[in-house]
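S.K.: This structure is in structure tokens; I'll ask about it shortly.
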Amino acid sequence: MRQAIRGLCHAAIAAGQSARGEALMAPRSCAPIAARIPGAGDEGAAASGGSNRARPFAFIKKVPGRHLPRRKSSMTKSSLTIATALLALCAAACNHDRESKQPTASGDEIFQLCVSCHGPNGQGEQMFDAPAIAGLPQWYVESALKKFRNGARGTHPGDQTGMQMRPMALSLHNDADIETIAAYVARMTPPSPGPTLEGGDASRGQSLYAPCTACHGQDGTGNEQLKAPPIRQMSDWYMLTQLEKFKSGARGTNPKDLEGAQMRPNAVALADEQAMKDVLAYVKTLK
Ligand code: HEC
Ligand code: HEC
């Protein structure tokens, strides 16, 4: 079995993700994978069941069906998703001392794990539902990665896109790696994507944005004390997905997600998709 997993690791790495290949290939037991990766619940919650050696493969087979919206499925996207899922699986096999103060790789090396979805400049790829991460503040990236890792985000059945990100956060070896990649991403130049959504009315959106200023600021630059990220540089398509998820409860309802709980009522207060598009049309005018 370990042989087979290693074969898969080779395949994943050959699929363009070789940066941390050597660390990933360290000959360690693959048993913890079964306990950790496929679980939709809390981190480590499934760890008691011993090693169910069939599960890693069950997870892999599930990837295309569960994670890919039909409308967008393509060979490229499915093979990419499978490759990254495999990689996460391999990395999780070596995922030991999470509290370690020593990063296992440089920011540049870790970033190679992110490129396939978030793009070479961290500018985001709508085709993969992956937002821009370049230039997000370090505190927010760290917080987001830890939430994906501990299941506060990306575990709700209604959160398909969060579930694609979660294995990537689980594949990071320890807190020091999270800090390293967060600092690296924060130093990158933020993109300034134009509007992609149609039918939003920025003047109606301006009044809808009034309550948002309390946390995200008049100019949309965010507020670290309140844990509200900057939003003016975000793609509108990504923000629409997030507002919909906050409203439906797919994000911001996990008891561990304190900041999401702060945000959620504000999305609930937006009456419908039109109101969301209006407020986002206004956010896109912020300079
Ligand atoms: C398999 C594709 C994929 C890979 C690889 C990937 N991500 Fe993501 N990431 C996503 C998707 C999809 C989302 C959007 C999740 C959502 O909708 O909530 C996301 C969201 C995020 C967010 C949250 C952004 C926000 O504004 O809240 C951060 C931070 C992030 N990714 C960092 C990373 C880092 C760092 C790496 C590399 C270690 C990485 N991602 C690798 C797909 C990926
Ligand atoms: C009470 C403070 C507060 C108010 C008011 C507020 N937000 Fe937020 N918002 C937050 C926090 C905190 C987060 C980060 C949640 C997390 O860490 O996952 C957030 C996250 C978001 C996100 C997701 C960002 C990402 O990178 O994934 C969007 C989009 C957003 N807010 C838009 C809005 C809009 C639009 C309004 C007004 C209708 C609004 N917010 C009002 C606190 C607030």
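Here, each number is a calculation from the coordinates, and none is a lab measurement. Predicted model only: the values in this text are computed from it and were never measured. All Cβ positions, even for glycine, are placed from backbone atoms using ideal geometry, and neighbour counts span all protein chains on display.
S.K.: For Arg98 and Trp139, compute 0.36 nm times the residue count separating them, minus their Cα-Cα distance, and round to one decimal in nm.
M.R.: Working: separation 41, 0.36 × 41 = 14.76 nm, distance 1.81 nm.
Full extension of this stretch gives 12.9 nm more.
S.K.: Further, regarding this structure: Can you give the percent of C-alpha pairs in the stretch 93-234 whose distance is more than 27 Å?
M.R.: Roughly 25 percent, rounded to a whole number.
S.K.: What distance in nm lies between label points placed 7 Å from Cα along the C-beta direction at Thr285 and Glu244?
M.R.: Roughly 2.5 nm, to one decimal.
S.K.: Let me ask something additional. Under 5 Å between amide hydrogens, which residues at least 5 positions from Glu125 or on another chain qualify, with H placed 1.01 Å from N in the peptide plane?
M.R.: Sorted by chain and number, the residues that satisfy this are Ala130.
S.K.: Within a Cβ distance under 11 Å of Gly220, other residues only, what is the Lys/Arg minus Asp/Glu net charge?
M.R.: My count for the surroundings of Gly220 gives +2.
S.K.: Applying a 10 Å radius around every beta-carbon, put 237-243, 121-127 in order of their mean neighbour count, most first.
M.R.: So the order, starting with the most tightly packed, is 237-243, 121-127.
S.K.: How much net charge surrounds Ala271 when only the other residues with a Cβ under 12 Å from the Cβ of Ala271 are counted, with Lys and Arg +1 and Asp and Glu -1?
M.R.: Details: positive: Arg204, Lys247, Lys277; negative: Asp272, Glu273, Asp278.
That sum, taken over residues with Cβ under 12 Å, equals 0.
S.K.: Could you work out the relative contact order of the stretch 131-287? I mean the mean sequence separation of Cα pairs under 8 Å and 6+ apart, divided by the number of residues, in percent.
M.R.: 30
S.K.: Order these by the 10 Å Cβ neighbour count, fewest first: Arg98, Arg232.
M.R.: Arg98, Arg232
S.K.: If Lys and Arg each add +1 and Asp and Glu each add -1, what is the summed charge of the other residues whose beta carbon sits under 12 Å from the beta carbon of Gly205? Can you show the working numbers first?
M.R.: Details: positive: Arg204, Lys277, Lys284; negative: Asp201, Asp236, Asp278.
Taking every other residue near Gly205 into account, the sum is 0.
S.K.: Would you list Lys146, Lys245, Lys101, Lys256 from fewest to most Cβ contacts within 10 Å?
M.R.: Arranged by neighbour count, lowest to highest, Lys146, Lys245, Lys101, Lys256 become Lys101, Lys256, Lys146, Lys245.
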